Every structure is written in C-alpha cells, then in structure tokens.
1. I'd like to know if region 251-264 contains one or more residues that are under 21 Å from the mean Cα position of the chain (by Cα) and under 24 Å from residue 119 (Cβ atoms).
2. What are the residues in region 60-81 that are closer than 19 Å to residue 137 by Cα and loosely packed, with under 15 Cβ neighbours inside 10 Å, if any?
3. Being over 29 Å from residue 164 (Cα atoms), touching a strand residue (DSSP E or B) at 6+ places or on another chain (Cβ under 8 Å) and at pLDDT 95 or above, is that true of even one residue in region 36-51?
4. How do the pairs read when you match residues in region 134-153 that are farther than 17 Å from residue 90 by Cβ and at pLDDT 95 or above with residues anywhere that are more than 16 Å from the ligand (Cβ to nearest atom) and in a strand (DSSP E or B), using Cβ under 8 Å and keeping only pairs 6 or more apart or on different chains?
5. What residue, among those in region 182-195 that are touching a strand residue (DSSP E or B) at 6+ places or on another chain (Cβ under 9 Å) and farther than 14 Å from residue 150 by Cα, is nearest to the ligand (Cβ to nearest atom)?
6. Scan region 1-59 residue by residue and report those that are without any contact (Cβ under 8 Å) to a residue 12 or more places away in the chain and either within 16 Å of the ligand (Cβ to nearest atom) or crowded, with 17+ Cβ neighbours inside 10 Å (or both).
7. Restricting to region 173-201, name every residue that is within 15 Å of the chain's Cα centre (by Cα) and part of a strand (DSSP E or B).
8. When residue 173 is evaluated against the numbered criteria (1) farther than 25 Å from residue 74 by Cα; (2) surrounded by fewer than 15 Cβ atoms within 10 Å (Cβ to Cβ); (3) more than 15 Å from the ligand (Cβ to nearest atom), which criterion, by number, is the only one it fails?
Ligand SMILES: NC(=O)c1ccc[n+]([C@@H]2O[C@H](COP(=O)([O-])OP(=O)(O)OC[C@H]3O[C@@H](n4cnc5c(N)ncnc54)[C@H](O)[C@@H]3O)[C@@H](O)[C@H]2O)c1
C-alpha cells in the first residue's frame, strides 16, 4: 500500500543492490520517489531496478564505489541529470569483505581499517559533500545514513566497523547542525540484527539463537523494518526531526543485560 509520501522527490540510495538498501529503494519507489539505485555490485543494482520497474516505479541503476570520491561525484551528477535534481540521499553501502580481518585492536591492520572506514564512513562524507550543493540550491533535502547498534554497543570483534558506525552518527549530527537552517535534515537509522544477504553466514546457528534470546521482539529484524523507519525520516511527517538516531532493533538495546538469564531462570527458555 502506498500513500505517495515521496511523490515528486528524487532519491539516491547507495548499497541499494542488496538487503536494507534494496528494501528502501523498493519502498521509496512505491511511495512515488524516482530512485537512483547505486551499488558497487552492478547485478544487484540491476535486479532492484527491474523489481521497481515491474511494479510500475521509476528507477535507474548506477554502479559506483562510494569510497572513490570521483565516482561519487559522477553518481550525484547522474542523479541530478537524470531526475532534474536531488531531494533525498540514503546511505547503506557497507564493506562486508572486511569482517573476518576486523579483529583485536592490538593487532589492527591499517589496510583493513582503511577499507572499512573508506566505505562505511567516507562513503557518507563523499555522497553528502557532492549532494549538499544540489539540495541547498533546491532549498533543502533529507539525508539518512546507516549506523548500527554496534556503533555504541560493540561486539567483541569488529572494532573498525564499530568505529565507522559511531563516526556516521557524529557526521550526521554535524551535517544537521551545519545545514539545518538551510533546510537540510540529516538523520541516522541504527539497526540491530537484521536478516539480510549481508549478514548471511556472519553468525553460527548458536550465535543466531543467542541473538534471538536477546531480542525484546519475538523475532530478528527484516530489511523492511529499517526501510519503513527510513521512509518516515525522509517523509514530510519528519520535517522537524533533525540529527536524530532512530534505533531499529526490536528493543534489543532497551533492557538490562540480565533479562535473558532471568527468563531462563523463570523457565521461559
Ligand atoms: N543487516 C544488519 O544486521 C545491520 C545491522 C546494523 C547496521 N546495518 C547497516 O545497514 C546497512 C545495510 O546493511 P545490509 O545488511 O542490508 O547490507 P548488505 O551487505 O546486504 O548490502 C550492502 C550493499 O553495499 C554494497 N557495497 C559494498 N561496498 C560498496 C562500495 N564500496 N560502494 C558501493 N556499494 C557498496 C554491497 O554491494 C551491497 O549491495 C549497512 O550500512 C550496514 O552496516 C545492517
């Protein structure tokens, strides 16, 4: 069901070839936005565009590496040229190839950290840098960047990822403060565990059970859960919301750490 909340808007979504970014592209197009589906993975971007067009939506694919500023500049220019401007920017691109090497700070490998930060953090910097002048020329715009619960509740591993995602919050608040008076809103979605192609194989069966045990919700998250939160932040209903971190974690970060143990003691499994 659509209520046309983004009718007339043009949107650029990175990481839109998979998972949360793809779900966001689908929902934004359903809500009337014209969407540039950007991803390093050309086939992923093409699949999202095909799905949107099959539903009667408007979308164009674009293959770009968000860690390469020149490519990002080309991507933003493409969006502006194709749809006559840019109103909405959504950043979901994330480098998952780093996961096995992103361990123990005492053994930090500069190349691994650079690979993580250059996509997950600098990708957000570059897209904002090149999108903002166009948005400002139109009198405003909305940016949403993907952080993660891990940005302030880190796991035992993945320090570079946690650092990148914490950085995304600082960056987004900075943009909100710097450009808010000129009509720019910049917010953050911070997902908890969401089942997506990006998290496939990331957790063992036992670890998935532990994750489920630590949810206040009766299930793990789905890409749509985050995409719908992002829709709200990009919509006119969120006009007075700026520099906000919207946690989408099924309540995982809402309770005291002993709750699962108490549940077990009460025989609730
Ligand atoms: N899934 C989760 O549990 C979860 C939890 C917290 C935060 N997040 C964040 O949400 C966002 C989306 O997560 P997801 O699970 O849908 O991820 P995903 O891995 O399914 O999708 C990420 C997309 O980014 C693309 N990408 C990778 N490197 C790129 C680059 N250099 N340039 C352009 N595109 C690139 C990939 O090709 C892929 O299509 C990410 O920023 C992630 O960190 C996800």
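1. Taking every residue of region 251-264 in turn, none turns out to be under 21 Å from the mean Cα position of the chain (by Cα) and under 24 Å from residue 119 (Cβ atoms).
2. Within region 60-81, 74, 77, 81 qualify.
3. First, pick out the residues of region 36-51 that are over 29 Å from residue 164 (Cα atoms): 50-51.
Cutting the leftovers down to touching a strand residue (DSSP E or B) at 6+ places or on another chain (Cβ under 8 Å) gives us none.
Taking every residue of region 36-51 in turn, none turns out to be over 29 Å from residue 164 (Cα atoms), touching a strand residue (DSSP E or B) at 6+ places or on another chain (Cβ under 8 Å) and at pLDDT 95 or above.
4. Listed pairs, sorted by first residue: 136/184.
5. Within region 182-195, the subset touching a strand residue (DSSP E or B) at 6+ places or on another chain (Cβ under 9 Å) is 183-195.
Checking the rest, the ones that are also farther than 14 Å from residue 150 by Cα come to 183-187, 195.
On the way: 183: 25, 184: 21, 185: 19, 186: 15, 187: 14, 195: 7 Å.
Top of the filtered list is 195.
6. Filtering region 1-59 for residues without any contact (Cβ under 8 Å) to a residue 12 or more places away in the chain gives 1, 50, 53-54, 56.
Matches in region 1-59: 50 only.
7. Residues of region 173-201 within 15 Å of the chain's Cα centre (by Cα): 186-199.
Across region 173-201, the qualifying residues are 186, 187, 188, 189, 190, 191, 194.
8. It is condition (2) that residue 173 fails.
The values are calculated or read from the model by the stated rules, or taken from the named source; none is laboratory data. Being a predicted model, the structure only gives us computed values, none of them experimental. Methodologically, a virtual Cβ is constructed for each residue, glycine included, from the backbone with ideal geometry; neighbour enumeration extends over all protein chains shown.
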